[in-house]
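Below you'll find the structure, written out as structure tokens, and then a few comments.
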Amino acid sequence: MFKLNEIKELIQLVDETSVQEVEIENEGSRLVIRKPGKSETVYVQAQAPAVAAPQVSQSTAAPQASAPAATPAATTPEADPTLHKIVSPMVGTFYRSPSPEKGPFVNAGDKVNGKSVVCIIEAMKLMNELEAEVNGTIVEVLAENGQLVEYGQPLFLVKPE
């Protein structure tokens, strides 16, 4: 069964991202969270009597951020087609180090191989290590430590070797 604080945390994560719907099944319970527009309900189906879940209303929806001002493509490293982008495989919280007491996995200028761990993405209290996928040198770290990241969001730029 899902705990109320877990449901609230998931609602907040969905609200803060472009994800429109999340569906999770766990131990006979099913949780579906949909953003307003598709449906305004959040519900839990369980084999035991269901506990009332909070509803997402239009007033709690996160405002859409405006697009950043356009910059010339030639001036940004992200626009360089020779660089490999390491992207987030999921929605979650980006961490540069294995713990607050330790240094970052990688910094700009560090050499990596395909199996080098570059960060951790925390999703639903699970820590998922992300590997570099390529051999090369980290050119830029694009996400801030502790930042919520979205599926497909570029996190690092790597100059392949």
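The values are calculated or read from the model by the stated rules, or taken from the named source; none is laboratory data. Just so you know, these numbers come straight off a predicted model, no measurement behind them. FYI the Cβ positions are ideal-geometry reconstructions off the backbone, even for glycines, and counts take in every protein chain you see.
Before moving on, here are some points about what is shown:
- Lys111 meets the conditions (1) under 25 Å from Ser18 (Cα atoms); (2) modelled with pLDDT of 95 or more in every case but one. The failed one is (1).
- Strands (runs of 3 or more DSSP E) within segment 96-156 that include 1 or more residues small (Gly, Ala, Ser), over 19 Å from the mean Cα position of the chain (by Cα) and surrounded by 14 or more Cβ atoms within 10 Å (Cβ to Cβ): 136-141
- Within segment 7-27, considering residues that are among the acidic types (Asp, Glu) and in contact (Cβ under 8 Å) with a residue 24 or more places away in the chain, the one surrounded by the most Cβ atoms within 10 Å (Cβ to Cβ): Asp15
- Listed by first and then second residue, the pairs with beta-carbon distance under 8 Å, at least 6 apart or on different chains, first residue in segment 102-119 and under 11 Å from Glu131 (Cα atoms), second surrounded by fewer than 14 Cβ atoms within 10 Å (Cβ to Cβ), are Phe105/Val117; Val117/Glu129; Cys119/Glu129.
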